[in-house]
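The values are calculated or read from the model by the stated rules, or taken from the named source; none is laboratory data. These numbers come from a predicted model, not from an experiment. Quick reminder, even Gly has a Cβ in these numbers, built from the backbone with ideal geometry, and neighbours come from all protein chains shown.
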Amino acid sequence: MADTTGQLSDGTANVPAARNVTGATIILLLAFAPQLVELAISLAGLVGSVSARSPLQVVSAHGAALVESLPMLLGQWADGRKVTLRSDALLALIYTYPLVAIAVFTFLARPRAPQDYFGGVALMAVALFALWAASDLSGMRGFTFGPGTAPRMLGVLLLAMGAAVAVIGLVTEGPALQVYHWRGPFFVSLAILTFAVAIRPLGLIVAAFAAFLIAALGTPETRWGETLIVGVVLTLGCALLFPYVLGLPMPLFPRFLVQ
Amino acid sequence: MLDLFQNLLHGFGVALSPINLLLCLVGALVGTLVGVLPGIGTIATVAMLLPITFGLPPVGALIMLAGIYYGAQYGGSTTSILVNIPGEATSVVTTLDGFQMAKQGRAGPALSIAAIGSFVAGCAATVLIAVLGAPLTKLALLFGPAEYFSLMVLGLIFAVVLAKGSVLKAVAMIALGLLLSMVGADLETGASRMAFNIPELADGLGFATVAMGVFGFAEIIRNLDGGAEADRELVQQKITGLMPTRKDLRDSAPAIIRGTILGSILGILPGGGAVIASFAAYTFEKKIARDPSRFGRGAIEGVAAPESANNAAAQTSFIPLLTLGIPPNAVMALMVGAMTIHGIQPGPQVMQKQPDLVWGMIASMWIGNLMLIIINLPLVGIWVRLLRVPYRLMFPSIVVFCAIGIYSINNAPVDVILAGAFGLFGYWLIKHDFEPAPLLLGMVLGTLMEENLRRTLQISRGDWSVFLTRPLSATLLAIAAALLVLAVLPALRRKRDEVFVEG
């Protein structure tokens, strides 16, 4: 950790060319994020027991979907056959392809207000993802709403708004991207994650203390002596306050020690 | 009129019972304590402290939560004045003149005027709730699903118009919030929507979870950006002389009254609330002042008006919740959560069926305000000492507390992870200049809106024109449309931007 301020040095707004390569790459990554996340989950499934599909299945299914879905759709249009697309193919069509297109466009374009442009694009990604997630829900049935009607309406609205924000960011002068710092977000998230994972098996004392110390890594100004003392006091305080004073049920000690 | 007094008397009877008095006191104190901490706003405070009220009887729990709410608000103004860090979004404008007063060695009068203003506003708002409660409940009986839907549309439009920055971005945030509220089982068919077979999502995203992420964790992460100890100019000198001079009182009295009126009105409207009220009150004071240049240099009206306004709004925002069952802002939505846990369905019937609860809570607000003024002014020294705790020690503690709080709502580790994810998302929102408040309002109203829209269309057999043919609904929608047009008109846009430049 050479730079102690925890500042990401991802170029400055004065160099639009460099910015666009990074921007396009990030959008491209976003385009394939659902597939990658599923792969990661199924890989984790090899060790734990979360698996729905094996990693190999995930790769082949998504790979096939990414290659086939467009020809299938075009074929459907060409000869009027009704093809039912699988969920993976729909993901490729609804989410991944449009975002890849946007990534290519971003590579070529020079948004004049990057803050708005990338904000709008990300909202479009969220909207497309929601449209895909709602694609298995039935729509209008006669004059009554189906479960999928409202999510689809809002997905379209969000898509339109995101696109509008992005287009305005493209053509009007505006603020550059703000600097992202990695240190605070990373360690605070890690602390939260640690707490979530540890609370059930290891109990409040271990989880709270570990989360405290990890969160403290979030700033270079931490002095470990005082942090340790405060951490111990805080942990003991929480251990008394939540289960005893407030009567909230939560395990205090690691499960293996209690048994 | 007699009814009114009887009701209030009944309420005081409930609120003055020793246990409820104690709960009110504890709530106000804990709320102030957490509210003083920089980086945790009212919403995060209430979300974090929600679980501690689970074990209490319903009336006591709501009294305590209400105490936490205005205690937090009050604590926020203390930090604004003393440290120039608004503890809450509602006291952002208080920093402008409050901190200047503190720098001039007049921290004492600033604090006490803020307290007096809040108290006056609190008294007025309490009476207003009592007066408006019954008639509005009657009005609620005229409301069908179409009217409910239109009213909520109006609320959302309000939030758009009053949010700072781009109208487009605010609409986008509302759409996103509404979309998030759709996650989970569909109310009518039970179909699982956008839940990806995750069991914890089957019931939908927890409102407290999202609120904690977007307002709690995101704020902590953002505070770390500048380095933990950056720009924390603490007023180090001892605070001497709490009492305002007679001139201070004379100057601030009209400002307090104007702030109270403005705040009360903005609090009742859905989508309004305390943040907007304080901004509006400050701007209004500046507009009508004989010498506007005094503002920003320690004008006492600049403390009195927004502080009265935000407290008035904080309390009157209970009105739509208690009479119509519509939470007008995020904190009220958390209140709905607390009520549901205790098996209370907020709405017109609560007023009739559970007078203990409603009037007890209303009376306890007044008592709570009195407590705050009596207890807090002498305690200012303690709050200041708390502020001297360096942020590098404070923020890990806040992270841990928030995590425990979120976990204990459902005993679900997934909730904690989700809150963390929404924290990162909230950080991203801040970086791209998106306002999280409309998002939360959308999420609050989403389920109710969809339910009422679907019901309306079922009754009208798919005919959308009912929204325009029913007079009440048409009026509400017309107001909403007019507001939106006004907001988009360029001339007004410029004015509106000026209003928020101070923030």
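Of the residues making up the range A:111-130, just one is of a type in the set (D, E, K, R) and farther than 18 Å from residue B:439 by Cα, namely A:112. Scanning the range B:267-287 for residues that are more than 18 Å from residue B:442 (Cα to Cα) and touching a helix residue (DSSP H, G or I) at 6+ places or on another chain (Cβ under 8 Å) returns B:277, B:278, B:279, B:280, B:281, B:282, B:283, B:284, B:285, B:286. Look at (1) buried (at least 19 other Cβ atoms within 10 Å of the Cβ); (2) within 24 Å of residue B:49 (Cα to Cα); (3) not polar (S, T, N, Q) and you find that residue A:181 fails only one, number (2). When the residues of the range B:410-428 are narrowed to those that are surrounded by fewer than 23 Cβ atoms within 10 Å (Cβ to Cβ) and farther than 14 Å from residue A:198 by Cα, which ends up farthest from the other protein chains (Cβ to nearest Cβ)? Top of the filtered list is B:410. Candidates in the range A:17-39 are the residues that are surrounded by fewer than 16 Cβ atoms within 10 Å (Cβ to Cβ) and more than 14 Å from the chain's Cα centre (by Cα); of these, the one that is modelled with the lowest pLDDT is A:17. Which residues, counting only those in the range B:381-395, are away from chain A (no Cβ under 14 Å) and either aromatic (Phe, Trp, Tyr) or in contact with a Cys (Cβ under 7 Å, 6 or more places away or on another chain) (or both)? Matches in the range B:381-395: B:383 only.
From the list B:462, B:442, which one is buried (at least 22 other Cβ atoms within 10 Å of the Cβ) and of a type in the set (Gly, Ala, Ser)?
Result of the check over B:462, B:442: B:442.
Against the numbered list (1) surrounded by 24 or more Cβ atoms within 10 Å (Cβ to Cβ); (2) at pLDDT 85 or above; (3) in a helix (DSSP H, G or I), residue B:437 comes up short only at (2). Does the range A:142-149 contain any residue that is among the hydroxyl-bearing types (Ser, Thr, Tyr) and either surrounded by 20 or more Cβ atoms within 10 Å (Cβ to Cβ) or part of a strand (DSSP E or B) (or both)? So far as the range A:142-149 goes, yes, one or more of its residues are among the hydroxyl-bearing types (Ser, Thr, Tyr) and either surrounded by 20 or more Cβ atoms within 10 Å (Cβ to Cβ) or part of a strand (DSSP E or B) (or both). Could you tell me whether the range B:329-343 includes any residue that is more than 9 Å from chain A (Cβ to nearest Cβ), in a loop (DSSP other than H, G, I, E, B) and within 21 Å of the chain's Cα centre (by Cα)? Scanning the range B:329-343 turns up at least one residue that is more than 9 Å from chain A (Cβ to nearest Cβ), in a loop (DSSP other than H, G, I, E, B) and within 21 Å of the chain's Cα centre (by Cα). Within the range A:133-183, if we keep just the residues that are aromatic (Phe, Trp, Tyr) and under 30 Å from residue A:110 (Cβ atoms), the residue that is nearest to the other protein chains (Cβ to nearest Cβ) turns out to be A:180. In the range B:161-173, the qualifying residues are those that are among the hydrophobic types (A, V, I, L, M, F, W, C) and away from chain A (no Cβ under 11 Å), and the one that is farthest from residue B:480 (Cα to Cα) is B:163. Restricting A:222, A:194 to residues that are of a type in the set (Ser, Thr, Tyr) and either farther than 17 Å from residue B:398 by Cβ or assigned to a helix (DSSP H, G or I) (or both) narrows the list to A:194.
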